[in-house]
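Report on one structure; see the data block that follows.
The values are calculated or read from the model by the stated rules, or taken from the named source; none is laboratory data. Since we're looking at a predicted model, the values are computed, not measured. Using ideal geometry, Cβ is built from the backbone for each residue, glycine included, and neighbour counts are taken over all protein chains shown.
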Amino acid sequence: MKNPLQSKSKIVFALFLCLLPAIAQAHPGHGVTSFSAGFTHPLTGLDHILAMVAVGLWAVQLGGRAVWLVPISFVATMIVGGALGMAHFPLPFVEHGILASVFILGLLVAFAARVPLAVSMTVVGLFALFHGHAHGAEMPDTAGGLSFGAGFVMATALWHCLGIGAGLAIGRLAQMKLVRFAGGAILLAGVALLAP
């Protein structure tokens, strides 16, 4: 009988491999389609990557419906933020909000914070607004809005899946403390990103 942990590990590994072609471009920008430009954009900032993985880890810690509702609320609100950014709608403190998301999401994972589902969805949704706005505002002039947006939504969802997959795999090993340590590492990275 197949070990379910091995199957989930293979899925997480396959998702990671899907990200490699976009990361491995030696000269990004040459012949880049709108979709690939959008897909690679969230991969260009450590702050975005850390926040997206933290959302997946926290969703696993919360358990139940939060495993899929928390990441979906991030992606849905990020789409709204992306549309606002593409429309050049001013949103104050975008960079501060992104940096705060890394710090606070890392803190929530490190302390395995248990909050009601609606609160957790609201928290990640607020941060997603900033992340989405940054992606949309930084869209290249040559990129098509819908295609670019689909790219950064796909990349974000994959990073959430990576966080969820890692959290589930660690949890199956009965080592949820490791998830908290991962949150601590994200928290420390957030502190480092806040430093001038």
For Ile98, are the conditions met, namely being assigned to a helix (DSSP H, G or I), modelled with pLDDT under 95 and farther than 15 Å from Leu50 by Cα? no
Residues located in the range 29-88, provided they are out of contact with any helix residue (DSSP H, G or I) (no Cβ under 9 Å at 6 or more places or on another chain) and either surrounded by 24 or more Cβ atoms within 10 Å (Cβ to Cβ) or outside any loop (DSSP other than H, G, I, E, B) (or both): Thr44
Would you check if there is a residue in the range 76-93 being in contact (Cβ under 8 Å) with a residue 40 or more places away in the chain, more than 26 Å from Gly145 (Cβ to Cβ) and in contact with a His (Cβ under 9 Å, 6 or more places away or on another chain)? no
In the range 114-130, is there at least one residue being part of a helix (DSSP H, G or I), in contact (Cβ under 8 Å) with a residue 60 or more places away in the chain and surrounded by fewer than 16 Cβ atoms within 10 Å (Cβ to Cβ)? no
Out of (1) touching a Phe, Trp or Tyr at 6+ places or on another chain (Cβ under 6 Å); (2) farther than 18 Å from Ser73 by Cα; (3) among the aliphatic types (A, V, I, L, M); (4) modelled with pLDDT of 90 or more, what's the single condition that is false for Val124? (2)
